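Engineer: I have a structure here, written as structure tokens, and I will follow up with some questions on it.
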Amino acid sequence: RRGYLFDAISRIIFSCADYHGKLVLFLDDVPWMDAATKVWNTHFGRFLSQNNHLILLVATYNRDQEDDINELRHALLKTGLVSEIGLSRFTESDVQKLLWHLIGRQAYDRNLVRKFHKATGENPFYLVETVRKLIEDGWFENAEQKSTPLRQPQNVCEAVQARLKRLSPITWQ
């Protein structure tokens, strides 16, 4: 029965790709997937290699979690369709560039850059979500921002949830 379910899920994804002409399937934090989802990904990879669909599969994991997903990585690499791209954590210079795009001239303040670099663990997604939350809270309009602590969310999930709470019921559907 599981094979039928995996085939059905794969066919739904292929139908979406056919309808739109292309599709991006994003799998975040792969080591946290349950065993059945990892098996489905292996199945999907084999299925994908046998079909001609424009699907980009993006999967993320931390290098220190590589052992947790080696079996899945090797199975997908065997399809010949997989490329791995290693991304490093943000440097202070990277944080400054991203802050410049998000908040403008205040990003030239080295103390502010260091504060964000340290507070967000050099993680680009966490940095963006933290800055968005602080913009919404009016933190950057505070003249004493350098001396006030960052009122940052405890984790990325909290930052995203805070933004999702503002969605209308129709958008939630």
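FYI, it's all coordinate maths here, none of it is from the lab. Here the structure is a predicted model, which is why all the values come from computation and not from measurement. Note that we place each Cβ from the backbone using ideal geometry, even for glycine, and neighbour counts take in every protein chain shown.
Engineer: Can you check what the net charge comes to around residue 35, using other residues whose Cβ is under 14 Å from the Cβ of residue 35 (Lys, Arg +1; Asp, Glu -1)? Could you put the intermediate results ahead of the total?
Structural biologist: Working: positive: 2, 38; negative: 34, 68, 71.
After counting each charged neighbour, the total is -1.
Engineer: Let me ask you something else. Please give the FRET efficiency for residue 60 paired with residue 35, using the beta carbon to beta carbon distance and R0 = 22 Å, rounded to the nearest 0.05.
Structural biologist: Details: r = 19 Å, r/R0 = 0.85.
The pair residue 60/residue 35 has a calculated efficiency of 0.75.
Engineer: OK, next. In whole Hz, with x marking every Gly and Pro, tabulate ³J(HN,Hα) for segment 39-50 from phi via Karplus 6.51 cos²θ - 1.76 cosθ + 1.60, θ = phi - 60°.
Structural biologist: 5, 4, 4, 5, 4, 4, x, 5, 4, 5, 5, 9
Engineer: Put a dot 7 Å past each Cα toward the Cβ at residue 84 and residue 71; how far apart are the dots in nm?
Structural biologist: 1.7 nm
Engineer: Using unit Cβ charges (K, R positive; D, E negative) and no other charged atoms, how large, in debye to the nearest 20, is the dipole of the chain about its Cα centre? Write down the numbers at each step before the final one.
Structural biologist: Working: 23 positive and 21 negative charges, 57 e Å.
Magnitude of the dipole: close to 280 debye.
Engineer: Working out 0.36 nm times the residue gap between residue 46 and residue 7, then minus their Cα-Cα distance, what length gain in nm do you get to one decimal?
Structural biologist: This chain segment gains 12.9 nm when fully extended.
Engineer: Residue 22: which lysines have alpha carbons under 28 Å from its alpha carbon, excluding same-chain residues fewer than 8 sequence positions away?
Structural biologist: Cα-Cα hits under 28 Å: 38, 78.
Engineer: Go through 90, 33, 21 and say which Cα lies farthest out towards the positive end of the charge dipole of the chain; charges sit on Cβ, +1 for Lys and Arg, -1 for Asp and Glu.
Structural biologist: Looking along the dipole axis, the top candidate is 21.
Engineer: Here's another thing I want to ask about it. Just from its helices, what would the mean residue ellipticity at 222 nm be for the chain, if runs of 4 or more DSSP H residues each count -39500 (n - 2.57) and the sum is divided by every residue, rounded to the nearest 500 deg cm²/dmol? Intermediate values should be presented prior to the final figure.
Structural biologist: Details: 8 runs with 95 residues, N = 173.
Counting only the DSSP helices, I get -17000 deg cm²/dmol.
Engineer: Mind grabbing the base-10 log of I(q)/I(0) for the chain at q = 0.12, 0.17 Å⁻¹? Debye formula, identical points on the C-alpha positions, no solvent, two decimal places.
Structural biologist: Debye intensities relative to I(0), on a log10 scale: -0.76, -1.09.
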